[in-house]
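What follows is a single structure, written as structure tokens, with notes after it.
Nothing in this text is a laboratory measurement; each read-out follows from the coordinates by a stated rule. Bear in mind that the values here come from a model prediction, so they are computed numbers and not experimental data. Heads up, the Cβs are rebuilt from the backbone with ideal geometry, glycines too, and the neighbour counts pull from every protein chain shown.
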Amino acid sequence: MGQYFENSKLPSKIIKTKAHVLGNDFIFCTDNGVFSKDGLDFGSRLLLESIPLEEVGGKVLDMGCGYGVFGIVLNKILSCEVDMVDVNLRALHLCDLNIKENKCTNIMAFESNCYEKINSKYSCIVTNPPIRAGKRVVYEIVMNAKNYLEKDGKLFLVIRKEQGAKSLLVDLKKIYNVEILNKKKGFFIIKCSVS
């Protein structure tokens, strides 16, 4: 859990990584103590490539944003307004660098422990929940998303089979309309909408 919450003692070593996503080139600054520091991970890429982009619009929330991949890619491709939140201050610093690096507008990153500092509603929430932070945090993110979605809003998430995808699906179906958008190499891409 340390990498998600307390990484200030880890030596910083910012590197620039490149990613080609949905026909566009991006540069992401990453660092020690953040998820997927070597570049865009398979699960996040699969989520971005599986989201029906025509269903993403209005204001988007990248929950547990890390260094900002979802928010930045969607902002650049769709020109939508984006909020990105995380508890990892190093990740948020990287978000600010990556917003500038990719020349994004109408986007901001700020600290929030899950939805603690969220005062808006969103048309879309996107997340690769921090599994290593524990089931309680993952469930807080995905189950409480409904309270921050506009009418007809959607939650998109990625989770691996061995990280509890099957049991999470059972629980999600208790409060959402659930659709599996894609399954590949043990990763599930899930779309949830409020009935």
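Of GLU162, GLU101, the sequence from fewest to most neighbouring Cβ atoms within 10 angstrom is GLU162, GLU101.
About the Cα centre of the chain, how large is the charge dipole given +1 on each Lys and Arg Cβ and -1 on each Asp and Glu Cβ? Please answer in debye to the nearest 20.
Details: 28 positive and 22 negative charges, 113 e Å.
The dipole of the chain has a size of about 540 debye.
Exposure proxy ranking for VAL87, VAL138, based on other Cβ atoms within 10 angstrom of each Cβ and starting from the fewest, stands as VAL87, VAL138. Farthest toward the positive end of the dipole of segment 2-193, out of ASN113, SER50, GLY134, is the Cα of GLY134, where the dipole comes from beta carbon charges about the Cα centre.
If neighbour count is taken as other Cβ atoms inside 10 Å, put HIS20, HIS93 in order from fewest to most. All intermediate terms of the calculation are to be shown ahead of the outcome.
Details: HIS20 10, HIS93 17.
By the 10 Å Cβ count, ascending, the order reads HIS20, HIS93.
Relative to the longest principal axis of the chain, what angle (0 to 90°, nearest 10) does the C-alpha long axis of helix 89-101 take? The answer is roughly 80 degrees.
Above 25 angstrom, tally the Cα pairs of segment 2-193 and express them as a % of all pairs, no decimals. Can you show the working numbers first?
On the way: 5139 of 18336 pairs.
The calculated P(r) of segment 2-193 puts 28 percent of pairs beyond 25 Å.
Please identify which residues in segment 121-136 have an amide N closer than 14 Å to a label point set 7 Å out from the Cα of ASP152, following the Cα→Cβ vector. Backbone N within reach: 123-124.
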